[in-house]
Amino acid sequence: MNIAVIPVAGLGTRLLPITKSQPKEMLPVGRKPVVQYIVEELNRVGVDQVLFITGPGKTSIENHFDVNKELVEALRETGKEDLLAELQFDRFQARYFFTRQRELLGLGHAIQCAESFVGDQPFVVALGDSLIGLNAESDVVQRMQRCFEEQGCEVVIAFEEVPDNEVSRYGIAKPKDDSEVFEVLDVVEKPSLEEAPSNLAIAARYIFTPKIFDALEKIEPGKGGEIQLTDAIRLLIQQGEKVYGVRLRSDEQRYDIGNFEAYFRAFIEFALADEKLGAALHDYLAARLEA
Ligand code: UTP
């Protein structure tokens, strides 16, 4: 599976004023912008075509994955080879494509914008505002690909167990059993705690066959008046299609940088894990907290 779709068109209103003029997907977490970690994660599992579903105000994402010749030459001329190495990612064997979601009608609608690009192939969806695992080193997409091949299903979703007070923020699964890879019997978008069938929240990574487009076509706007991806998955289950879930491991936290609390935490975690500066930052914070 070599195609991935990264939706990045959302307004990111929960991070205003930062997101007034820059995409949240370009926020730094440690040394890199969020979306670079995501592209690196996908590249590691064999994705070589990435379609960004984008919008006005998101051109810095396009620039980030383009080659900046002027910068490369300036670094070369001044002998800054070590800094040049930081730009290696823009030489991945990947091709980047961009299409605009012309109306912000929700995540499901953003995925619909990928239909003609994807054709009849299965594809990965990775949300542009969520990292999986410290330094984004998770191999969950690989495990999802394995599940997809073994089960011959239409959808595979990554899930993370969340505390009670967070179930109303995510799509929540009704799992068939409590194994690491499980059949999903139902999914509900942002349920109340009483309605939630479990604490298993959709964790920003999906695999779909093109059947998802037929389902997206059929559903009505759901929560918040948006075309909800979760509702389309639910419809597929109701039509008898097989949907599977893969649990994140306990050392594989999801970092959703879409709100300040989670963003601050993600930045601190990644900075503390920094090879060069993490130990010094740890000492600084320890002294600061003691004072
Ligand atoms: P969110 O719902 O968290 O993003 O979508 P948002 O709408 O930007 O955030 P707030 O609520 O205003 O703060 C998760 C991902 O889906 C993309 C977003 O860019 C984000 O990466 N998305 C969401 C779209 O591409 N299009 C949409 O219509 C909605």
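The values are calculated or read from the model by the stated rules, or taken from the named source; none is laboratory data. Keep in mind the model is a prediction, meaning the values are calculated, not measured. Backbone-built Cβ (ideal geometry, glycine too); neighbour counts: all protein chains shown.
Structural remarks
- Within segment 173-181, none of the residues are within 14 Å of the ligand (Cβ to nearest atom) and at pLDDT 95 or above.
- Flag if residue 60 is of a type in the set (S, T, N, Q) and within 15 Å of the ligand (Cβ to nearest atom): yes
- Test for residue 52: is it within 14 Å of the ligand (Cβ to nearest atom) and over 21 Å from residue 142 (Cβ atoms): yes
- From 115, 160, residue being out of contact with any strand residue (DSSP E or B) (no Cβ under 8 Å at 6 or more places or on another chain) and at pLDDT 95 or above: 115
- Of residues in segment 1-44 being within 16 Å of residue 117 (Cα to Cα) and more than 10 Å from the ligand (Cβ to nearest atom), the one nearest to the chain's Cα centre (by Cα): 4
- Test: residue in segment 45-57 that is touching a residue at least 40 places away in the same chain (Cβ under 8 Å) and farther than 22 Å from residue 118 by Cα: yes
- Selection status of residue 189, more than 28 Å from residue 43 (Cβ to Cβ) and within 16 Å of the ligand (Cβ to nearest atom): yes
- Listed by first and then second residue, the pairs linking a residue in segment 127-138 that is closer than 18 Å to residue 208 by Cβ to a residue that is part of a loop (DSSP other than H, G, I, E, B) and within 12 Å of the ligand (Cβ to nearest atom), with Cβ atoms under 9 Å apart and 6 or more places separating them unless they lie on different chains, are 127/8; 127/258; 128/8; 128/9; 128/10; 128/23; 130/257; 130/258.
- Single residue of 175, 191, 210 found to be within 24 Å of residue 131 (Cα to Cα) and in contact with a helix residue (DSSP H, G or I) (Cβ under 7 Å, 6 or more places away or on another chain): 191
- Residue match in segment 79-97 (condition: farther than 25 Å from residue 135 by Cβ and touching a Leu at 6+ places or on another chain (Cβ under 6 Å)): yes
- Qualifying residue in segment 75-95 (condition: within 16 Å of the ligand (Cβ to nearest atom) and out of contact with any Phe, Trp or Tyr (no Cβ under 7 Å at 6 or more places or on another chain)): no
- Some residue of segment 230-248 being within 24 Å of residue 15 (Cβ to Cβ) and of a type in the set (Asp, Glu): no
- Residues located in segment 62-75, provided they are of a type outside the set (Asp, Glu), out of contact with any helix residue (DSSP H, G or I) (no Cβ under 6 Å at 6 or more places or on another chain) and not in a loop (DSSP other than H, G, I, E, B): 63, 64, 69, 71, 72, 74
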